[in-house]
Amino acid sequence: MDKREIYDGLKNMETQTQLMLDKFTELREALTEVMEENAELRIENQHLREFIDEQKPSNVESDSNSSNSNRLSNSRKNLENLFNEGFHVCTEFYGTHRGDSESCIFCNEILNR
């Protein structure tokens, strides 16, 4: 092999590596979008379930008081689940993906209230 063939081979590998890197970046961005949409749909689903529960008639006032406290705890559980799945639950970055278990003081503030 002469120097020109080696140079061309390295240049070809560099081009292929760059294309592969671009494809990985594109796939990562698409996965992030899907995960964010999934989180939004879970929240919307939970809100719809709560709405349906509110539409059911309740015979006893104490039942509605206990369901309010359950809804609050369910909401907190939903936020904790989203946070544990790697998403922000704070108002600043809500629904965006947190990188590699990074902590967020705003999220921690909301979860520890």
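Data overview
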item: Distance-filtered residues of region 1-18 - backbone nitrogen under 11 Å, label point 7 angstrom along Phe24 Cα→Cβ; result: 17-18
item: Label-point separation, Glu109 to Glu80 (7 Å along Cα→Cβ), nm; result: 2.1
item: Angle between the chain longest axis and helix 61-84 axis [Cα atoms, degrees, rounded to 10]; result: 10
item: Whole-number percent relative contact order across region 3-111, with pairs defined as alpha carbons under 8 Å at least 6 apart; result: 21
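Since every read-out is calculated from the coordinates, none of them should be taken as a lab result. Keep in mind that this is a model prediction, so the values were computed, not measured. Using ideal geometry, Cβ is built from the backbone for each residue, glycine included, and neighbour counts are taken over all protein chains shown.
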